Amino acid sequence: MLLLSVLIMGMCTLLIGLLPTYQSSGWLAPALLVLLRTVQGFGIGGEFGGGALVALENAPSQKRGLMGSFHQMGTPAGILVATGVFSLVMLLPQETVMDWAWRLPFFLSGLFLVLALYIRDKLPETEVFQRSEDTKGAKQIPFISLLRQHPGALLLAVGARMCDAVTFNIVNVFGIAYATRELGLANEVMLTGFVISAGIQIGLIPIFGTLSDRIGRRPVYLSGTIVCAMAGLAYFPMLSLNSVWIAWLAIILTQAVGTGLMFSIQGTFFAELFTTKVRYTALGVVYQGSSLIGGAPTPLIALTLVGIAGSYWGAAVYVTAIAIMSFICTLFLTETYRSSILK
């Protein structure tokens with residue numbers, strides 16, 4: 001599944017670089033782009049669950065939080081690499097970029113695809129999976145088993161992750177557009193802020209992972225929902241001050257710290273809630289389910305609430321409300337940092 005998921009992600013990214021232009025093929029070009037991005041959505045579900053479990057199930061029991069957090073560092077690291085590559089491309093003349101140079105970063109992904117396929121082809125199945133009694137005997141459909149065995153934990157985990165999904169889309173997707181169009185901040189200021197935040201988050205993620213090994217997963221995760229609840233109310237007022245430094249501080253506190261506290265241990269925390277047979281499926285459902293329910297419609301919901309409220313407070317209150325819901329869901333989840341994953 002790891003090989004399949006990375007193949008889906010890598011090939012779709014490579015194919016985006018080969019897409020025809022609108023001038024040459026009309027609406028076929030954007031239709032193919034949407035199709036490839038949709039297929040990538042299936043791939044990321046397998047990427048998140050499979051990568052998290054490789055780290056978790058190979059880790060010593062006292063360091064599962066730390067080892068699991070290394071997998072989560074891939075997202076902010078990917079943001080930095082992608083931003084850096086595109087920044088280099090943008091140094092070329094604008095006409096060259098719009099003509100063909102925009103395709104170069106997508107072609108470069110082909111090299112990463114080959115490397116990822118090589119690494120994952122050499123990975124053995126984890127000892128936890130091999131030793132699990134659930135892998136013996138009659139084979140069952142993992143998703144059906146998941147719904148039968150862990151319905152409560154599944155719903156609570158989806159609810160717990162909603163805060164991360166909604167907050168990220170509010171401050172990033174919706175927030176960038178709102179800050180530049182309505183609050184007068186330059187687009188470069190916002191994008192630079194997220195690059196700085198991603199760099200800081202890379203350093204914070206293993207710290208949060210280690211902390212979860214010391215005091216437990218729930219306290220760390222609950223802290224993230226609390227930070228996001230408060231940051232949700234403060235984020236847009238801070239941006240409205242039209243100060244570059246304050247804008248960057250708002251982004252760092254909300255994304256690097258707030259969502260970082262949750263994101264750093266999601267793979268470990270949620271995986272520990274489920275048995276080996278359904279663990280991979282559960283992580284995919286939790287991650288993609290919360291993204292679909294919470295993350296995907298967030299920009300539209302935020303835009304609607306801002307229109308109703310007449311200001312950014314509609315979006316701010318929405319973030320805080322979701323954070324409170326995730327806080328409650330996390331409270332009802334089992335503490336797992338001392339539990340065995342051999343189940």
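If the chain linking Ala29 and Leu115 were pulled fully straight, counting 0.36 nm for each residue of separation and taking away their Cα-Cα distance, it would gain 28.1 nm. Provide the FRET efficiency to the nearest 0.05 for the Gln149-Ser339 pair, computing r from the beta carbons and using R0 = 22 Å. Using R0 = 22 Å, I get an efficiency of 0.90. For region 191-285, the gyration tensor built on C-alpha atoms gives a prolate shape. Its axis ratio a/c (a ≥ b ≥ c) is at least 1.5, and a/b is the larger of a/b and b/c. I'd like the distance separating the alpha-carbon centroids of region 164-184 and region 199-274, in whole Å. The distance from the Cα centre of region 164-184 to that of region 199-274 comes to 16 Å.
Compared with the alpha-carbon gap, the fully stretched path from Val97 to Leu292 is longer by 66.9 nm at 0.36 nm per residue.
Across the options Val97, Tyr318, Thr275, the greatest Cα extent toward the positive end of the charge dipole of the chain (unit charges at beta carbon of Lys, Arg, Asp, Glu) belongs to Thr275.
Note on Phe48, Phe332: ascending count of other Cβ atoms within 10 Å places them as Phe332, Phe48, the fewest first.
In the set [x] 191; [y] 146; [z] 170, which value of volume of the Cα convex hull per residue in Å³ was calculated from the structure you see? Of the labelled values, this structure produces [y]. Backbone N atoms of region 184-218 closer than 18 Å to the 7 Å Cα→Cβ label point of Phe70 belong to residues 202-214. When Tyr221, Tyr22 are arranged by Cβ crowding within 10 Å, least crowded first, meaning fewest neighbours, the order is Tyr22, Tyr221. In terms of packing, defined here as the mean over residues of other Cβ atoms within 10 angstrom, the peptides 305-315, 25-35 line up highest first as 305-315, 25-35.
What you get for region 2-129, charging only the Cβ of Lys and Arg (+1) and of Asp and Glu (-1), is a dipole of about 120 debye around the Cα centre. Cβ-to-Cβ counts within 10 Å put Ser5, Ser24, Ser197 in ascending order as Ser24, Ser5, Ser197, the fewest first.
Bear in mind that the values in this text are calculations on the coordinates, not laboratory data. What you see is a predicted model; the values in this text were computed from it and never measured. For neighbour counting, all protein chains shown are included, and Cβ atoms are generated from backbone atoms with ideal geometry for every residue, glycine included.
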